Amino acid sequence: MSDNIPQSHHDRTAVERSVQSCYANWAQTYFDQYYRAAGAYPPVHQAIVRDLLVAAGVRRLLDAGCGPASMLRTLADLGMALHGFDLTAEMVAEARRVMMALGTPAEHVWQASVLDADAYRSPDGQPFDAAMCIGVLPHVRLADDDTVLARLREAVRPGGLVIIEARNQLFSLFTLNRYSRDFFLSELIRPETFEGAEGSGFDAALAELDQRFRVDLPPIRRGVEGEPGYDEVLSRTHNPLVLRELMTATGYRDVELLFYHYHALPPMLEHHLPEVFRAHSLALENPRDWRGHFMASAFLLAGRRG
């Protein structure tokens, strides 16, 4: 179940079960692997999110799809009332353990799906000043994007802040790998529209196109202990321009697009100069640089409830 499988092939229950299976074994290692490991790219989006929340004067925050409290734990020093929920029971247990040690009540973390309206209700029934949804949209069906955006909007007070994160589909124009080939075919060329092209050399043209990309890269991320890996469950990318339009259409105002996790060169070239690659990539980190449309692998959208 990957980004290029037609959305009609995905059933919500099957998608959520596979995502739960994928993340169940990550609960105690996810934060260290992606936020603290020496080999991991620094979580530069933490600072962006933190600055947005502080600037907005947020006192009550909801993290929809909080995982093992990867983001929430870094905000505990700000004096906010922190809340979060996640789809996976193991992630919820780890998030509770971490947040309780930081002074957050256990009932502030619960298990739920981002698609369910009841998931967004706080224990005291009060609306939030802000809500964020980080690392979740890749695992949500295309048809459900607007539902998640609407749920987040309803969770905050009028004028409240909502921050969402997604993987940048336009980054594939820079990677020169199988993601590039897939983007060319599914979003730009769309072979199904070439009616009557059989026998015209169209198949040969597509075969030659494949030769222009490293379609063997990146390696498929597979799971452990018999569970599916990240690339074996629904793991979509999003066009930031399209998602910003959808956010506006769902009732948000002042929607800002912010890029992060830049790549100084296409990732397949990193092995030639790893230290230089890392240093120059970090030097590029500017959430408002237009090059982020293509050189950043992820982005945030921040908007206000209209």
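The values are calculated or read from the model by the stated rules, or taken from the named source; none is laboratory data. Just so you know, these numbers come straight off a predicted model, no measurement behind them. Here the Cβ positions follow ideal geometry from the backbone for every residue, glycine too, while neighbour counts run over all protein chains shown.
Per-structure values
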read-out: Pro191 vs. criteria over 19 Å from Ala296 (Cβ atoms), of a type outside the set (Phe, Trp, Tyr), surrounded by 11 or more Cβ atoms within 10 Å (Cβ to Cβ) and out of contact with any strand residue (DSSP E or B) (no Cβ under 8 Å at 6 or more places or on another chain); value: yes
read-out: Residue among His293, His261 that is in contact with a helix residue (DSSP H, G or I) (Cβ under 8 Å, 6 or more places away or on another chain) and either of a type in the set (Val, Ile, Thr) or at negative phi (or both); value: His293
read-out: Test: Arg236 is at pLDDT below 95, of a type outside the set (Val, Ile, Thr) and touching an Asp or Glu at 6+ places or on another chain (Cβ under 6 Å); value: no
read-out: From the options Tyr262, Tyr252, residue that is hydroxyl-bearing (Ser, Thr, Tyr), modelled with pLDDT of 95 or more and within 18 Å of the chain's Cα centre (by Cα); value: Tyr262
read-out: Which listed residue is under 30 Å from Arg190 (Cβ atoms) and assigned by TED's automatic domain parsing to the domain that holds Leu301, from Glu16, Glu94; value: Glu16
read-out: Qualifying residues in the range 206-228 (those that are of a type in the set (Gly, Ala, Ser) and loosely packed, with under 14 Cβ neighbours inside 10 Å) - the one nearest to His10 (Cα to Cα); value: Gly226
read-out: Qualifying residues in the range 238-277 (those that are free of Cβ contacts under 8 Å to residues at least 40 places away in the same chain and among the acidic types (Asp, Glu)) - the one farthest from Val140 (Cα to Cα); value: Glu275
read-out: Members of the range 209-227 that are in contact (Cβ under 8 Å) with a residue 40 or more places away in the chain and closer than 12 Å to Trp26 by Cβ; value: Gly223, Val224, Glu225, Glu227
read-out: Matching option when the condition is assigned to a loop (DSSP other than H, G, I, E, B), assigned by TED's automatic domain parsing to the domain that holds Pro127, touching a residue at least 60 places away in the same chain (Cβ under 8 Å) and among the small types (Gly, Ala, Ser), among Ser235, Ser281, Ser297; value: Ser235
read-out: Of the criteria (1) at pLDDT 95 or above; (2) crowded, with 21+ Cβ neighbours inside 10 Å; (3) touching a helix residue (DSSP H, G or I) at 6+ places or on another chain (Cβ under 7 Å), which one Val136 fails; value: (3)
read-out: Given (1) without any contact (Cβ under 8 Å) to a residue 40 or more places away in the chain; (2) within 16 Å of the chain's Cα centre (by Cα), number of the condition Asp77 does not satisfy; value: (2)
read-out: Test: residue in the range 156-179 that is more than 22 Å from Phe299 (Cα to Cα) and hydrophobic (A, V, I, L, M, F, W, C); value: no
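Results for (1) within 29 Å of Glu275 (Cβ to Cβ); (2) of a type outside the set (Ser, Thr, Tyr); (3) surrounded by fewer than 19 Cβ atoms within 10 Å (Cβ to Cβ), shown as yes or no for each residue.
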| site | (1), (2), (3) |
| --- | --- |
| Ser21 | no, no, yes |
| Asp32 | yes, yes, yes |
| Val49 | yes, yes, no |
| Ala56 | no, yes, yes |
| Thr74 | yes, no, yes |
